[in-house]
Amino acid sequence: MKKILVAIAALCIGLSAQAQQALWGGPSVESPVINADGTVTFRYLAPKAVKVEVTGDFLPTQKMEVEFNGNKMTYDAPGVGELKEGKGGVWEYTTPFVVAPDLYNYTFRVDGNTVIDPHNMWVNRDVASLTSVLLVAKEGARSDLYAIHDVPHGTVSKVWYYSPTAGFNRRLTVYTPAGYETSKAKYPVLYVLHGIGGDEDAWVTQGRATQILDNLIARGEAKPMIVVFTNGNISQEAAPLENSNGYVNPTMNLPQTMEGTFETAFPEIVKFIDGRYRTIAKKQSRAVCGLSMGGFHTLNLSLNYPDYFNYSGMFSAAIGVSDPTVSPMYMDFDAKLDRYFAKKPALLWIGCGKTDFLYQANLDFMKKMDEKGYKYSYMETDGGHIWKNWRIYLSEFVPLLFK
Ligand code: FER
């Protein structure tokens with residue numbers, strides 16, 4: 001009997017490397033570890049490696065020049081820490097500082113090759129990069145909003161709708177607040193838009209948006225609301241690997257991203273959501289916000305559909321980067337801005353980091369509004385074009401809605 005059990009166990013271990021349920025295997029060293037003194041230890045098993053480094057946004061940033069759309073721009077690249085080899089080929093690095101509460105992304109560089117932490121099961125994809133995730137949540141700190149707490153939770157659904165403009169089914173991520181299923185109430189709706197190369201998954205993975213919503217609503221700091229995360233790439237059905245074309249490598253160089261078609265087709269999404277969900281289908285109860293390209297989409301949606309959104313949030317918005325002649329959506333900007341403010345929206349909220357490559361464009365836009373006497377709210381933060389800022393902006397914007 002014992003022999004048979006050993007044989008079965010051996011067979012299972014052999015199979016676990018195949019496409020079976022991975023019952024065996026798993027971490028052999030612990031990484032990352034948040035230590036009692038607030039430092040963090042990273043470990044990587046590599047007996048034959050010559051050099052192992054860790055890089056991530058928990059380390060002080062360093063300025064790096066990158067080329068984007070033919071323009072040179074600076075970017076806040078994460079710093080680098082060097083791991084030291086210890087017993088059994090386990091490399092280790094402990095931060096020489098207390099890691100401030102926040103959500104971080106990191107990777108190892110093993111002899112020059114970037115890899116995720118194989119001992120940390122929390123992995124995130126952002127556009128075409130995989131990173132390991134470290135959440136340092138602390139009561140009283142903002143990052144506590146990014147953690148799961150024992151509070152009533154909303155429901156997150158992957159929902160397909162037919163887009164007549166695209167000519168195919170497209171996917172949305174929809175958050176309905178706790179209690180939606182059991183109540184008969186109607187809810188306001190917030191549309192949340194991603195940046196270039198992102199998709200309907202970005203805000204609920206990197207953005208921690210549904211945790212932020214659950215926690216703010218549970219604290220009574222935000223109104224219960226339906227939140228719709230769209231896919232702003234009109235040429236795409238859904239996030240890469242979630243569409244009918246089979247395996248598609250994620251890329252930020254998608255066709256038709258900032259040429260007006262997404263904005264032209266947006267009423268299809270609003271119509272679908274108002275038909276499918278118990279929404280309060282009017283301007284007073286509708287909001288839109290987005291990061292970077294999504295901030296650009298937010299502005300254009302707000303100006304072209306002045307009767308749709310009472311609240312608009314532009315996070316590191318990519319203003320003034322698109323050719324205004326490519327679409328009627330982008331034409332007559334000043335006249336549309338006048339018309340938008342004449343209809344007295346409740347809130348135009350702007351957030352931008354001081355070292356964002358879009359900082360000056362945002363300042364220029366605010367200067368234009370100042371000259372015209374138009375009111376908006378502005379939050380300036382440290383850092384640049386980074387998720388850390390976009391989680392801050394979302395958690396500042398949401399409590400202001402539907403009051
Ligand atoms: C550009 C600058 C920024 C641009 C797009 C962006 C198409 C968008 C960035 C983002 O969404 O993160 O010149 O051109």
Worksheet entry | Total residues in region 125-146, condition out of contact with any Asp or Glu (no Cβ under 9 Å at 6 or more places or on another chain) and surrounded by fewer than 18 Cβ atoms within 10 Å (Cβ to Cβ) | 6
Worksheet, complete the sentence: Of the residues in region 306-357, those that are more than 12 Å from the ligand (Cβ to nearest atom) and among the charged types (D, E, K, R) come to Asp307, Asp332, Asp334, Lys336, Asp338, Arg339, Lys343, Lys344, Lys354
Worksheet item: What are the residue pairs meeting all of these: first residue in region 345-362, first residue free of Cβ contacts under 8 Å to residues at least 40 places away in the same chain, second residue away from the ligand (no atom under 12 Å from the Cβ) and small (Gly, Ala, Ser), Cβ atoms under 6 Å, and 6 or more apart or on different chains?
Response: Gly353/Gly383
Worksheet, complete the sentence: Note: among Ala342, Ala361, Ala346, just one is within 23 Å of Gly195 (Cβ to Cβ), out of contact with any Leu (no Cβ under 6 Å at 6 or more places or on another chain) and open to solvent by 10 Å² or more (accessible area, probe 1.4 Å), namely Ala361
Worksheet, complete the sentence: Filter region 267-297 for residues that are of a type outside the set (Ser, Thr, Tyr) and part of a strand (DSSP E or B); the one that is nearest to the ligand (Cβ to nearest atom) is Leu291
Discussion item. Where the second residue is small (Gly, Ala, Ser) and open to solvent by less than 80 Å² (accessible area, probe 1.4 Å) and the first is farther than 16 Å from Tyr376 by Cα and modelled with pLDDT under 95 and lies in region 319-341, which pairs have Cβ atoms under 7 Å and are six or more apart or on separate chains?
Written reply: Gly320/Ala361
Fill in: Residues being open to solvent by less than 10 Å² (accessible area, probe 1.4 Å) and not hydroxyl-bearing (Ser, Thr, Tyr) - total across region 301-317
7
Worksheet item: In region 238-285, which residues are under 19 Å from Pro345 (Cα atoms) and open to solvent by 20 Å² or more (accessible area, probe 1.4 Å)?
Response: Pro267, Ile280, Ala281, Lys282, Lys283, Gln284
Discussion item. Condition check: open to solvent by less than 20 Å² (accessible area, probe 1.4 Å) and closer than 18 Å to Glu268 by Cβ. Does Thr173 satisfy that?
Written reply: yes
Worksheet item: Restricting attention to region 98-114, does a residue exist that is touching a Ser or Thr at 6+ places or on another chain (Cβ under 7 Å), among the hydrophobic types (A, V, I, L, M, F, W, C), open to solvent by 60 Å² or more (accessible area, probe 1.4 Å) and modelled with pLDDT of 95 or more?
Response: yes
Worksheet item: Of the conditions (1) of a type outside the set (Val, Ile, Thr); (2) at pLDDT 95 or above; (3) within 24 Å of Gly197 (Cα to Cα); (4) open to solvent by less than 60 Å² (accessible area, probe 1.4 Å), Asp356 fails just one. Which one is it?
Response: (2)
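Might you let me know whether region 108-125 holds any residue that is within 30 Å of Ala265 (Cα to Cα) and either assigned to a strand (DSSP E or B) or among the hydrophobic types (A, V, I, L, M, F, W, C) (or both)?
Taking region 108-125 as the starting set, the residues that turn out to be within 30 Å of Ala265 (Cα to Cα) are 124-125.
Remaining after also requiring either assigned to a strand (DSSP E or B) or among the hydrophobic types (A, V, I, L, M, F, W, C) (or both): 124-125.
So far as region 108-125 goes, yes, one or more of its residues are within 30 Å of Ala265 (Cα to Cα) and either assigned to a strand (DSSP E or B) or among the hydrophobic types (A, V, I, L, M, F, W, C) (or both).
Kindly indicate whether Glu200 is within 23 Å of Leu301 (Cα to Cα), charged (D, E, K, R) and open to solvent by less than 20 Å² (accessible area, probe 1.4 Å). If you could, list the steps in order and put the result at the bottom.
Numbers: within 23 Å of Leu301 (Cα to Cα): yes; charged (D, E, K, R): yes; open to solvent by less than 20 Å² (accessible area, probe 1.4 Å): yes.
So Glu200 passes the test.
The values are calculated or read from the model by the stated rules, or taken from the named source; none is laboratory data. The structure displayed is predicted, hence computed values, not measured ones. Don't worry about glycine lacking a Cβ; one is built from the backbone with ideal geometry, like all the others, and counts go over all protein chains shown. Ligands, DNA and RNA are excluded from the accessible area calculation, which covers all protein heavy atoms including side chains. Shrake-Rupley method; radii C 1.70, N 1.55, O 1.52, S 1.80 Å.
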